[in-house]
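The values are calculated or read from the model by the stated rules, or taken from the named source; none is laboratory data. Keep in mind the model is a prediction, meaning the values are calculated, not measured. Backbone-built Cβ (ideal geometry, glycine too); neighbour counts: all protein chains shown.
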Amino acid sequence: DAGVTQSPTHLIKTRGQQVTLRCSPKSGHDTVSWYQQALGQGPQFIFQYYEEEERQRGNFPDRFSGHQFPNYSSELNVNALLLGDSALYLCASSRGRVEQFFGPGTRLTVL
Amino acid sequence: GQQVMQIPQYQHVQEGEDFTTYCNSSTTLSNIQWYKQRPGGHPVFLIQLVKSGEVKKQKRLTFQFGEAKKNSSLHITATQTTDVGTYFCAGPYNTDKLIFGTGTRLQVFP
């Protein structure tokens, strides 16, 4: 079992650009949540996907959008990147509403 | 909005000393989860507490959920260098929105 995988591991973009991050959940998991973790802070909930629909959303602008595919994998899209979007983006999968298994994250740097 | 605060923010201990981090939520929680994040790593689930006043142990780690289900604590007995990392509590809001605490960074000196 590969666990939760994320790609890419690192990404450098410039302000105004768009980015897509990808996540494959742990085998058997049907729920994917995305988090943003700024340096020295705790993960901040962006949104959660279940059955290909956004089930819950945190306090993030519409520039942040996502998608879940029939195989439960997920994408996080961020449009019109700002310098403040630089962070570690974590994907977590779960089956039901219990413990979440986190992926290694994607480190996004916006210049 | 929902807030989950942890104290202390940092803790430096000598190996063998005990360590405790405290977690406080602005609202009552259905459950509390604890995660550990090693430097450069990702959060790893440690445990979930559900019942009021619940106490669970994992070897040297003791977790407690407050009677009012608004606070929790993690106590590590006789710390080891492998305990280094940041410990986060997290509580679900609106069922599915997991809110993480501010975290406590533990440094253990040999």
Considering the range B:25-46 alone, what residues qualify as being out of contact with any Leu (no Cβ under 8 Å at 6 or more places or on another chain), surrounded by 17 or more Cβ atoms within 10 Å (Cβ to Cβ) and at the interface with chain A (Cβ under 9 Å from one of its Cβ atoms)?
B:Gln37, B:Phe45
Please go through (1) surrounded by fewer than 17 Cβ atoms within 10 Å (Cβ to Cβ); (2) in contact (Cβ under 8 Å) with a residue 40 or more places away in the chain; (3) part of a loop (DSSP other than H, G, I, E, B); (4) not aliphatic (A, V, I, L, M) for B:Thr79 and return the number of the only condition it doesn't satisfy.
(1)
Looking at the range B:85-96, is at least one residue touching a Gly at 6+ places or on another chain (Cβ under 9 Å), at pLDDT 95 or above, more than 30 Å from A:Arg107 (Cβ to Cβ) and not in a loop (DSSP other than H, G, I, E, B)?
no
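Residue-wise test of (1) more than 11 Å from every other protein chain (Cβ to nearest Cβ); (2) at pLDDT below 95.
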site: A:Val4; (1), (2): no, no
site: A:Ile12; (1), (2): yes, no
site: A:Gly28; (1), (2): yes, yes
site: A:Tyr50; (1), (2): no, yes
site: A:Asp62; (1), (2): yes, no
site: A:Leu76; (1), (2): yes, no
Residues located in the range A:1-59, provided they are outside any loop (DSSP other than H, G, I, E, B) and aliphatic (A, V, I, L, M):
A:Leu11, A:Ile12, A:Val19, A:Leu21, A:Val32, A:Ile46
Could you check B:Leu98 against (1) under 16 Å from B:Gln2 (Cβ atoms); (2) surrounded by fewer than 18 Cβ atoms within 10 Å (Cβ to Cβ); (3) within 14 Å of another protein chain (Cβ to nearest Cβ) and say which number it fails?
(2)
Just checking, does the range B:8-24 include any residue being touching a Gly at 6+ places or on another chain (Cβ under 7 Å) and at pLDDT 95 or above?
yes
